[in-house]
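What follows is one structure encoded as structure tokens, with my remarks underneath.
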Amino acid sequence: MQSFFGNNRRESPKPVKAQIRGEIPKWLQGTLIRNGPGMHKIGDTVYNHWFDGMALLHSFTFKDGEIFYRSKYLRSDTYRSNMEANRIVVSEFGTMAYPDPCKNIFAKAFSYLSHTIPDFTDNCLINIIRCGEDLYASTETNYIRKIDLETLETNEKVDYRKYVALNLATSHPHYDTNGNTYNMGTSIGDKGKTKYQIIKIPQSKPGDKEHACFTNCEVICSIPSRSLLRPSYFHSFGMTENYIVFIEQPFKLDILKLATAYFRGVNWASCLGWYPNDKLDDAAFEKQGKTFSSPSCRRFVIPLQHDKNVELGTNIVTLENTTASALKEKDGYVYCKPEILFEGIELPRINYDYNGKKYRYIYASKVQWRPVPTKIIKCDILTKTCYEWREDHCWPAEPVFVRAPEAKEEDDGVLLSSIVSSDPKTSSFLLVLDAKTFKELGRASVTADIHLDLHGLFIPEK
């Protein structure tokens, strides 16, 4: 399995026509574009973590019953520097790199002075996001890279710090019905304070100048971190019609360790830590002796309004069909305990038309005894039942829901998942499932190096 994950994937910059089995819905017109690590070795140097690999974009374009595949490495500054040196020279999450291979104490001391808050990588390998009318490859640093949907060419780099005070930002923004983008990031030590910033990037308007969506970006909310030097790590956040939902969890980034990581010769991942004394809930934990803890989908119910005189220890959750609870304790705080909905699911998605609304279905990948998805799953929150798809030697990516044009129900549409085959006799393929019945409608096989990716979007044809 190690060689399966660690092999560099060859890009396919020119479109490759897929061989279709079954029938692809004629209404499905557009492009599924996805992102993830594709290169794990450069010269004689190897990345220490799967999340460190060079970003490889790939897409499936649906056009009049045919499907075309292409892939291309993100030509980030990081990629170009590494290729020019023929080794890893830019640090990533789990790999600390040094431009000077000698790494003597004087070079390290100088690097420490110039890396108090380090300049992060622009190897944007996690997701594809929308800002204004454009698409960007994103990661969890302050950089995003504009990309061309049709050619997968890499365009200009955008630094959030030029527009708002952000050192880190999530790769999972939210969108409203007007096309505005909302994201969240951490501002480290700005004016002596560390805080979490909620930003709004407005939809572009006709006649706007280039980057107008960023120059008009605004901070709509600042949440002070409870610790100046140990802000919480977060990968995403929630958004409803009226609220932003953020969990300041006890998995934290140590700023002092981060500032000295380069000097000490350790990676940034080592600067993250679990602080049980700051524990807010039991939503995250680690079991001793296991190399892999199976993920679980947990549902919290937050009672925004309740009787202030309620008896202590009383469950104030009134929502039906849930075992989640919220108890008011002696210290005056309300403590929320989650309901465990489903075990072993990763990369959950919903029909985004229902984001912030009452939804019923979750679509996800499922893992069991190792952290590699082997199934695609549809979870019904109401009945607590599931549909599953699996096939031997197949490793499915995060399923993406695409709404049918005349949809009347939440699950009227299809699921798209890029499937990597570990069987050398079988090509990798794009799977198309009926989201309601979970029956396979068709698959599009391609003779190309499809890689295990992370996240992406379906962009309908205009």
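The values are calculated or read from the model by the stated rules, or taken from the named source; none is laboratory data. Everything numeric here is computed off the predicted structure, so don't read it as measured data. Counting neighbours? That spans all protein chains shown, and the Cβs are built from the backbone with ideal geometry, glycine included. These area figures cover heavy atoms from the full protein model, side chains too; ligands, DNA and RNA do not enter into them. Shrake-Rupley method; radii C 1.70, N 1.55, O 1.52, S 1.80 Å.
Can you compute the FRET efficiency between Lys193 and Gln305 using 1/(1 + (r/R0)^6), with r the Cβ-Cβ distance and R0 = 30 Å? Round to the nearest 0.05.
With R0 = 30 Å, the Cβ-Cβ based efficiency is 0.50.
Using a simple spin-label model with points 7 Å from Cα along the Cα→Cβ vector, what separation in nm is obtained for Glu218 and Tyr275?
3.3
Can you work out the PRE-style zone for Asn8? Point 7 Å along Cα to Cβ, and I want the residues of the stretch 33-67 with backbone N under 14 Å.
From the stretch 33-67, the list is 38-47, 53-56.
What FRET efficiency do you get for Ser293 and Asp423 if R0 is 45 Å and r is their Cβ-Cβ distance, rounded to the nearest 0.05?
0.95
Return the distance in nm (one decimal) between the two label points of a simple spin-label model at Arg226 and Thr260, each offset 7 Å from Cα along Cα→Cβ.
Label-label distance for Arg226 and Thr260, simple model: 2.5 nm.
With every protein chain kept in the model, how would you rank Glu241, Glu23 by accessible area, 1.4 Å probe, largest at the top?
From most exposed to least exposed: Glu241, Glu23.
Can you pull the semi-axes for the chain, root of five times each eigenvalue of the Cα gyration tensor, sorted largest first, whole Å?
Semi-axes from the Cα gyration tensor: 32, 32, 23 Å.
How high is the FRET efficiency from Thr177 to Glu388, r the C-beta distance, R0 30 Å, rounded to 0.05?
In this case the efficiency is close to 0.40.
Place a point 7 Å from Cα of Lys157 in the direction of its Cβ. Which residues in the stretch 67-91 have their backbone N less than 18 Å from it?
Only 73-91 fall inside the zone, counting backbone N under 18 Å.
Using a 1.4 angstrom probe on the protein heavy atoms only, could you order Trp50, Trp395 from most to least accessible area?
In descending accessible area the options line up as Trp50, Trp395.
At 1.4 Å probe size, with no ligands or nucleic acids counted, give the accessible surface of Tyr354 in Å², nearest ten.
Accessible surface of Tyr354 is approximately 60 Å².
So what is the 222 nm mean residue ellipticity for the chain from helices alone, if each DSSP H run of at least 4 adds -39500 (n - 2.57) and you divide by all residues, rounding to the nearest 500 deg cm²/dmol?
About -2000 deg cm²/dmol.
Over the heavy atoms of His393, what accessible area does a 1.4 Å probe trace out, to the nearest 10 Å²?
Per-residue accessible area (His393): approximately 110 Å².
Given the options Thr181, Cys336, Leu135, identify the residue whose Cα lies farthest towards the positive end of the charge dipole of the chain (+1 on Cβ of Lys, Arg; -1 on Cβ of Asp, Glu).
Highest projection toward the positive end goes to Cys336.
Over the chain, average the accessible area per residue using a 1.4 Å probe and give it in Å², no decimals.
Computed with neighbouring chains in place, this is 51 Å² per residue.
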